[in-house]
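*Asks:* Would you mind keeping the following structure in view while I ask a few things?
The values are calculated or read from the model by the stated rules, or taken from the named source; none is laboratory data. What you see is a predicted model, and the numbers here were worked out from it, not measured in a lab. Every residue, glycine as well, gets a Cβ built from its backbone with ideal geometry; the counts of neighbours run over all protein chains shown. Only protein heavy atoms, including side chains, enter the accessible area calculation; ligands, DNA and RNA are left aside. Shrake-Rupley method; radii C 1.70, N 1.55, O 1.52, S 1.80 Å.
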Amino acid sequence: MNDKEIMEGILLTTKGACDLYMHGAIESGTPKVHQAFNTALNDAICMQNNVYKQMSDHGWYTTEQAQQQKLQQVKQKFSTMQ
């Protein structure tokens, strides 16, 4: 297993934790439980962002610039739904 694969695994695990913590915060029954999940979620989001930045710096996670025409089409589509 190489470094890229390890980082991909960490990123996926961190994203999964974010999902669990988010649902825990949403479904929590008391303010203290909500705060605990919310804090854990914020920590996990920061961790996910750090992993993403490291992967991006190594060229292991690339993104594409969206085409302006496609952005306008989506904007138009959702503006008519209001």
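*Asks:* For the range 54-68, indicate whether the set of residues that are touching a residue at least 40 places away in the same chain (Cβ under 8 Å) and of a type in the set (A, V, I, L, M, F, W, C) is non-empty.
*Replies:* Yes.
*Asks:* Picking from MET1, MET47, MET55, which residue would you name as being open to solvent by 100 Å² or more (accessible area, probe 1.4 Å) and either among the aromatic types (Phe, Trp, Tyr) or in a helix (DSSP H, G or I) (or both)?
*Replies:* Answer to the selection: MET47.
*Asks:* Considering only residues of the range 58-79 that are open to solvent by less than 100 Å² (accessible area, probe 1.4 Å) and over 23 Å from the mean Cα position of the chain (by Cα), which is modelled with the lowest pLDDT?
*Replies:* Checked the range 58-79; the qualifying residue modelled with the lowest pLDDT is SER79.
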